[in-house]
1. Putting +1 on Lys and Arg Cβ atoms and -1 on Asp and Glu Cβ atoms, find which of V246, F110, I16 reaches farthest to the positive end of the dipole of the chain.
2. So, in Å, what gap is there between the alpha-carbon centers of region 129-206 and region 30-69?
3. Once a ≥ b ≥ c are taken as the square roots of the eigenvalues of the Cα gyration tensor of region 1-49, is the result rounded (a/c under 1.5), prolate (a/b larger than b/c) or oblate (a/b not larger than b/c)?
4. On a straight-distance basis, which aspartates and glutamates could pair with K22 in a cross-link, Cα separation under 19 angstrom, same-chain partners fewer than 8 positions away excluded?
5. Need one number: convex hull volume per residue for the chain, Cα atoms only, in Å³.
6. Filter the GluC sites (Glu not before Pro) in region 1-72 to those in DSSP coil with at most 12 other Cβ atoms within 10 Å of their Cβ, and list the result.
7. Taking the Cα centre of region 76-152 as the origin, how large is its charge dipole in debye, to the nearest 20, when only Lys and Arg (+1) and Asp and Glu (-1) carry charge on their Cβ atoms?
8. In debye to the nearest 20, how big a dipole does the chain give about its Cα centre with +1 on each Lys and Arg Cβ and -1 on each Asp and Glu Cβ?
Amino acid sequence: MREYLSPRDLAAATGISESSLKRWADDGVIAVTRTAGGHRRIARAEALRFIRERNARVLRPEVLGFPAAALHADTPEDALFDALRRGDQEPALGLVQGWFLAGRPLAWIFDGPVAGAMGRIGRLWKHGRDGILREHQATELCIQAVTQLRLALPPAGDDAPVAVGAAPRGDPYLLPGLLAAAVAEEAGLRAVNLGPETPLAVLQAAAKERHATLVWLSVSTEQGAASARAGLPAVLKALTAAGTHVIVGGRYSHQLAACRSPHLTFATRMAELAAFAKGLQTARRP
């Protein structure tokens, strides 16, 4: 995977003429750096930003560091479900990456085809003994896809707000936190994902240390909800005093509805987290 591309590389990937790309680079539409010899170089993340914002068609995704299978599909959930059920890495990752290249927000990808396909995968245990195998296999493929998408996002600035998140003790699920971190990063935040089985006291300490503007808590199990109910009031009191916003989501987040705080928000979809994170960014602008 190349860190920088030339205008010729980007032209090969998209079919846009090299001369047009050079002109846009000189006009500031595409951010470039210059080599010692004066040649334009485009950071991969900047090339992807340009492609997604312009809704440019990608003809050769491999030039951008994606597999050739990274092409948009007309039946997203069905296609992804079939690939995940079979454990086929290239088509599964290619579909997710293809929607990203096509300009789809990460929240759309995660709330739509990923959630739909993984929900169907999670019900396979009712129809055969290998259902758990399929679910674990599909989860690993989704983790790979999300990790690659995070690497494709432009890095947040050093002064960007920090978001810290985790799943509580009793919640072993890794994927929801990774999805939340990716959504926060796409919104321009610096995300720190502490992962599953995290004591809330550790989450509170990390938020304080990083001067977090936003804390997310993913609650996907009944046991996780029970441990969160026990520790969340104290954490909310401390974080609210620091001006930190807390957003709670997940399958069992409704079991925390009794918790109250002016800085506490409940979310049922990644799109709500994305909107909240973007709102924090907007509020910072003069």
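Bear in mind these aren't lab numbers, they're just calculated from the coordinates by the rules spelled out. Note that the structure is a prediction, hence the values are computed from the model and not measured. A quick note on method: Cβ atoms are made from the backbone with ideal geometry, for glycine too, and the neighbour counts reach across all protein chains shown.
1. V246
2. Their Cα centres are 26 Å away from one another.
3. Rounded shape, in that the Cα axes give a/c under 1.5.
4. The qualifying aspartates and glutamates are E3, D9, E46, E53.
5. Working: hull volume 37.8 nm³, N = 286.
Expressed per residue, the convex hull around the Cα atoms of the chain is 132 Å³.
6. Qualifying residues, ordered by number: E3.
7. Once rounded to the nearest 20, the dipole reads 200 debye.
8. Values: 34 positive and 27 negative charges, 87 e Å.
Taking the Cα centre of the chain as origin, the dipole is about 420 debye.
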